[in-house]
Amino acid sequence: MRNNIEEIPSGGIGIKLISQIADELSYTRTSEGRNCLLIVKYFQLDLIPPQPTTQFSYFKQAIHVLKSFNFRLPKQRSFPFYRTSNQPIKTIHLQLKTDLKTVAQVLWWVEQFLDYLRIPEAVLQQCKLATIEGFTNAVRHAHKNLPLETPIDLEITVFNERLEVNIWDMGEPFDLQAKLIEELPIIWNDLGFTLD
């Protein structure tokens with residue numbers, strides 16, 4: 001087991017991996033002087049409409065008969081199987097010290113929250129990985145020269161069709177776009193393409 005941050009191999013794998021997972025990725029400086037990495041992942045719920053029961057089938061047939069006699073029936077309202085608003089379904093927050101030993105706690109926290117929601121398994125795994133990579137990047141890079149007591153804040157918000165992971169650090173900011181452009185040949189090469 002490694003006890004020193006410096007012993008963990010580097011090479012920008014974290015931000016490269018996060019950029020491949022995220023559908024949207026940003027890194028901004030907040031008004032409080034912190035940095036915020038925002039990772040957004042979209043997904044679709046596999047919603048299976050409830051199967052009609054025998055009673056429901058009889059009811060439907062009765063309505064069909066009434067309609068054939070041209071009775072005025074109240075207009076049907078369609079009820080979605082899930083909310084379609086932009087309101088969050090659930091938000092959780094965790095604050096940790098700048099310590100790689102707490103990675104297991106980050107994983108446990110994400111699993112306890114997300115495993116009970118109806119999110120596709122692939123998205124769950126990607127969210128876990130992106131959150132851990134974002135946290136370890138904050139520890140290794142943003143907080144490299146800061147005391148262990150310096151907090152890193154994590155927040156996950158679930159909407160109907162997306163997850164948002166926010167990771168706040170107190171280190172010196174970096175230029176995300178420049179870093180991604182710098183790593184673009186590496187990413188393309190990993191995907192099997194070559195840049196001439």
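Can you tally the net charge around Lys41? Count Lys and Arg as +1, Asp and Glu as -1, for every other residue whose Cβ sits under 9 Å from the Cβ of Lys41. It works out to a net charge of -2.
For the listed residue pairs Lys41/Lys128; Lys41/Lys90; Lys128/Lys179; Lys16/Lys179; Lys16/Lys90, the alpha carbons are over 19 angstrom apart in Lys128/Lys179; Lys16/Lys90.
Quick note: the coordinates plus some simple rules give every number you see, no bench work behind them. On a predicted model such as this, the values are computed, not experimentally measured, just so you know. Cβ sites come from the backbone with ideal geometry, for glycine too, and all protein chains shown count toward neighbours.
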